[in-house]
């Protein structure tokens, strides 16, 4: 796969100032910065911890070709633009109107998400948010939505982690595309981690896990739900259902990465 040209600049594309270059060079003499994926040298501020080669590998993981118009899963062997639903969406249509993701949740993309989510590398949001914006305008128009909403963490997990990566991505994306970010969803139950659960267990684990905190701000709204990763879709489906039950006109989903079983 070859890297697709981006329409929105990331932190890596913005020229560092002379002061930043000198400062980075000085600090790297004593505290060299390395790529967290391959240990190659990187610029301390501009590269956000990822070298050029690894970043190109992230971009090369972009999901392209025919997609299920409902859940956004790739459909190998189908003609692009035909609009064929995947078998899962035929059997069990999701509550959201459509879902899109930038790249496959594998290799370097998985590492980037993990470094943000579990090791607190918040500058990676400056790389991921423009990828989300790129996919947003490839799939929708700004006028298609009234607001953005992040998939929330339970307060105990947020306290433990110190932040919600979905909120960081949602806030950065809202600034890029010019739509308001609303915090109108909360995680009502401290669910188990989805890692290692079967598809059926994932669905049951997040059933009724979300509650809308402001029905007045939801009624009649067209909402874009933002998260870092979509695996089976159980989490975003549960969050979408809570928004729709509160009166949202429609909910669509946008994530940085998508787990796909090929």
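The values are calculated or read from the model by the stated rules, or taken from the named source; none is laboratory data. The structure displayed is predicted, hence computed values, not measured ones. Note: ideal-geometry Cβ built from the backbone for every residue, glycine included; neighbour counts use all protein chains shown.
Considering only the range 33-69, state which residues are more than 16 Å from residue 115 (Cα to Cα), at pLDDT below 90 and not in a loop (DSSP other than H, G, I, E, B).
41
So is residue 134 over 15 Å from residue 230 (Cβ atoms), surrounded by 14 or more Cβ atoms within 10 Å (Cβ to Cβ), at pLDDT 95 or above and over 18 Å from the mean Cα position of the chain (by Cα) or not?
no
Residue-wise test of (1) part of a loop (DSSP other than H, G, I, E, B); (2) modelled with pLDDT of 95 or more.
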{"position": "167", "(1), (2)": "no, yes"}
{"position": "176", "(1), (2)": "no, yes"}
{"position": "189", "(1), (2)": "yes, no"}
{"position": "194", "(1), (2)": "yes, no"}
{"position": "207", "(1), (2)": "yes, no"}
{"position": "217", "(1), (2)": "no, no"}
{"position": "248", "(1), (2)": "yes, yes"}
{"position": "255", "(1), (2)": "no, yes"}
{"position": "261", "(1), (2)": "yes, no"}
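Looking at (1) touching a strand residue (DSSP E or B) at 6+ places or on another chain (Cβ under 6 Å); (2) surrounded by fewer than 24 Cβ atoms within 10 Å (Cβ to Cβ); (3) in contact (Cβ under 8 Å) with a residue 60 or more places away in the chain, find the lone condition where residue 238 falls short.
Checking residue 238 against (1) touching a strand residue (DSSP E or B) at 6+ places or on another chain (Cβ under 6 Å); (2) surrounded by fewer than 24 Cβ atoms within 10 Å (Cβ to Cβ); (3) in contact (Cβ under 8 Å) with a residue 60 or more places away in the chain, the one that fails is (3).
Scan the range 140-162 residue by residue and report those that are at pLDDT 95 or above, more than 18 Å from residue 208 (Cβ to Cβ) and not in a helix (DSSP H, G or I).
Listed by number, the residues that qualify are 140, 141, 145, 146, 147, 148, 150.
Kindly list the number of the only condition in (1) within 19 Å of residue 169 (Cβ to Cβ); (2) not in a strand (DSSP E or B) that fails for residue 223.
Residue 223 satisfies all of (1) within 19 Å of residue 169 (Cβ to Cβ); (2) not in a strand (DSSP E or B) except (2).
Kindly indicate whether any position in the range 97-111 is under 22 Å from residue 233 (Cβ atoms), at pLDDT 95 or above, more than 12 Å from the chain's Cα centre (by Cα) and not in a loop (DSSP other than H, G, I, E, B).
Within the range 97-111 (the criterion being under 22 Å from residue 233 (Cβ atoms), at pLDDT 95 or above, more than 12 Å from the chain's Cα centre (by Cα) and not in a loop (DSSP other than H, G, I, E, B)), the answer is yes, since at least one residue qualifies.
Here's the yes/no breakdown for (1) buried (at least 20 other Cβ atoms within 10 Å of the Cβ); (2) at pLDDT 90 or above; (3) in contact with a helix residue (DSSP H, G or I) (Cβ under 7 Å, 6 or more places away or on another chain):
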{"residue": "198", "(1), (2), (3)": "no, no, no"}
{"residue": "202", "(1), (2), (3)": "yes, no, yes"}
{"residue": "222", "(1), (2), (3)": "no, yes, yes"}
{"residue": "227", "(1), (2), (3)": "yes, yes, yes"}
{"residue": "230", "(1), (2), (3)": "yes, yes, yes"}
{"residue": "233", "(1), (2), (3)": "yes, yes, no"}
{"residue": "245", "(1), (2), (3)": "no, yes, no"}
{"residue": "251", "(1), (2), (3)": "yes, yes, yes"}
